[in-house]
1. Kindly report, to the nearest 10 Å², the accessible surface of residue 516 as traced by a 1.4 Å probe over protein heavy atoms only.
2. By accessible area of protein heavy atoms, probe 1.4 Å, what ranking do 466, 565 get, highest first?
3. If 368, 407 are ordered by their accessible area, calculated over protein heavy atoms with a 1.4 Å probe, which sequence runs from highest to lowest?
4. Could you tell me which of rounded, prolate or oblate describes the range 400-499, using a ≥ b ≥ c as the square roots of the eigenvalues of the alpha-carbon gyration tensor, with rounded for a/c under 1.5 and, failing that, prolate when a/b is larger than b/c and oblate otherwise?
5. Between residue 534 and residue 580, what is 0.36 nm times their sequence separation minus the Cα-Cα distance? Round to one decimal in nm.
6. Would you list 285, 250 from the most to the least accessible area, probe 1.4 Å?
7. Calculated FRET efficiency, residue 554 and residue 258, Cβ-Cβ r, R0 45 Å, to nearest 0.05?
8. Obtain the nm distance between the two label points defined at residue 72 and residue 314 by a simple spin-label model: each point lies 7 Å from its Cα along the Cα-to-C-beta direction.
Amino acid sequence: MLAPTRFSVVRERPAPGVRGAVWLSFLSLPDAHRDVSTQSMAKQPMLALVDGIVTDNGGLLPYLLLLMLLLILIIILIACRPWRFFARNYRSRTIKATTSSDVQDVERPLISQDSDEVESNITEHHRDSASEGPDGHLSAPQNHGHVHKHRLPPRPRQVSHGDSLILDISDPSESVVVGQTLKRPLVINESDGEQIYGRKEDLSNKSDNDSSRPFISKPTADQRSILTLEVISGPSCGARYSIQSTNKSKLPLTLGRVSPSDVLVTDSEVSGKHAKINWNLNKLKWEVVDMGSLNGTLLNSKAVHHPETGSRHWGDPVELNSGDIITLGTTSKISVEIASEFNKVPFGVGVVSDPMSVRRGGKKLPMEDVCYYHWPLPGTHQFGLFGICDGHGGAAAASSASKIMPEMVTRILSDTLRREKVFSHGDASDVLREAFSQTEAHMDHLYEGCTATVVLVWGDGHDNYFAQCANVGDSACIANVRGQQIKMSEDHRVGSYNERMRIQATGEPLKDGETRLCGLNLARMLGDKFLKQQDARFSSEPYISQVVCMNSETQDFAIIASDGFWDVVNSKKAIQLVHQAREKNSAEKIAKVLLSEARAQRTKDNTSIIFLDFDTNHYCKHGE
């Protein structure tokens with residue numbers, strides 16, 4: 001009976017492992033118990049197996065639990081890999097030495113002992129500080145924050161940890177400063193008087209004619225600016241005030257109705273402390289800010305006060321330019337004149353403007369004219385630019401053109417060859433044509449445009465001045481040279497003869513009586529990109545006049561004005577007004593006389609005038 005029983009048990013024998021251990025325990029039992037167990041296991045083998053493990057007297061269960069805990073612990077260690085943190089800290093504290101070229105490039109120091117490499121690879125990272133040790137050597141720089149560094153090419157020599165690094169700067173012309181920072185010195189183009197910040201390598205690879213190079217013009221801090229304010233309307237009309245930018249004890253300058261305001265404007269609509277003018281040392285510009293006035297402050301008919309009038313909140317600073325008009329309340333207007341002490345305009349200049357908003361029967365008429373002039377242009381002390389832009393659809397295009405045009409002219413004339421060509425040929429047509437093209441390319445105004453009339457003036461150093469005009473649109477310029485009237489601009493209205501002939505040459509002539517294109521009465525302008533995409537007959541090509549020579553002996557002058565003036569005053573009448581007012585008045589007052597005539601003739605458009613008086617004897621007589 002035992003043999004068959006053993007045979008059946010062997011057939012049901014568990015697999016090796018845990019079940020094998022149970023089988024061995026089963027064989028060690030007495031025969032009586034073995035028979036009963038055999039029968040029980042034959043019927044329910046799995047149940048018997050578990051029961052054998054649980055009732056095992058050998059204590060096998062604790063070992064199984066311990067084994068399971070070890071397996072779980074091993075799985076957790078493999079998944080988390082805590083040793084990587086220790087390895088990372090260890091790598092950060094040691095310097096690896098290896099012969100691999102790839103690792104060499106990563107691990108080698110950022111500064112080499114080769115003076116040539118130091119000279120060509122030290123960059124303008126002002127945050128990288130290098131301190132000097134007691135032995136005169138430079139220790140490793142202290143880095144704060146994320147700083148991007150340029151790696152040097154691999155070197156055959158290995159630098160071990162603790163080696164001193166010596167900077168051997170043999171070329172003193174490079175003037176590399178060794179101290180708290182390693183940086184390139186300021187590069188100054190001394191010939192042009194223009195400061196350009198950057199590396200010499202970058203500047204040498206760019207030509208002066210590169211139109212993609214951004215215009216950079218940094219005025220020098222020692223050029224003192226003179227601000228002159230004159231009340232031209234209101235109860236305090238005629239009051240004047242001048243101040244230099246270096247007079248810090250009297251800055252900022254306050255405008256108000258009561259003391260201690262620097263400029264007293266006795267107007268009931270003016271607050272006690274109405275506005276403030278200060279010299280911005282960072283921009284080297286004059287700025288005006290409303291001091292929370294009750295009736296607001298306007299600059300060229302545009303509000304500069306806080307949107308909530310009477311909220312007593314200060315407005316944002318706004319840059320001032322020569323020829324600007326500051327309006328306090330509704331009646332008191334103050335003209336702004338800005339001149340450099342060392343670069344004053346050598347002839348008389350008068351700039352005035354008026355939105356003529358009251359001429360529309362109370363209907364508000366926004367100011368879209370922008371006047372500007374620059375003498376001298378940065379880096380070109382013999383050249384100056386005077387211009388008027390008349391916007392349509394808004395003032396944004398006119399404002400942009402008044403800023404971009406001087407930059408383009410300055411960029412072109414910064415090339416010595418281009419300047420010499422203007423002097424030798426006595427003509428700046430190429431300069432003006434390219435400046436208009438670049439200005440149009442830099443303007444991004446789809447639905448706004450503007451006229452542009454500019455006069456480029458340059459001198460020969462002997463009180464002789466040459467002037468050349470370029471324009472698009474209907475703002476015009478006339479000159480009186482040796483008693484003769486010279487028209488220096490061209491009318492680009494759609495109905496003018498010259499424009500009809502130009503449009504006819506495009507193959508799409510105008511119909512009889514047609515005076516507008518797409519609702520606009522101008523055929524040439526800057527901006528209006530959408531209209532130019534829809535109709536190829538629009539153009540931004542300027543008309544360029546001949547060069548005229550002006551001097552003080554013949555009492556020559558020129559008038560630049562927007563169409564608001566020329567619509568009601570013809571050129572003959574304008575010249576007569578100048579001759580009548582010239583004996584007793586300065587250039588600024590002559591410009592006001594012209595503006596008053598336009599107002600008397602009830603013009604209904606924005607009016608801006610720039611008067612240039614080349615009679616230096618008359619100009620000095622009135623102390624301008």
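The values are calculated or read from the model by the stated rules, or taken from the named source; none is laboratory data. The structure displayed is predicted, hence computed values, not measured ones. Glycine also receives a Cβ, built like all others from the backbone with ideal geometry; neighbour counts cover every protein chain displayed. Only protein heavy atoms, including side chains, enter the accessible area calculation; ligands, DNA and RNA are left aside. Shrake-Rupley method; radii C 1.70, N 1.55, O 1.52, S 1.80 Å.
1. 120
2. 466, 565
3. 407, 368
4. oblate
5. Gain on extension, residue 534 to residue 580, equals 11.7 nm.
6. 250, 285
7. Result of the calculation: an efficiency of 0.35.
8. Output for this residue pair reads 6.8 nm.
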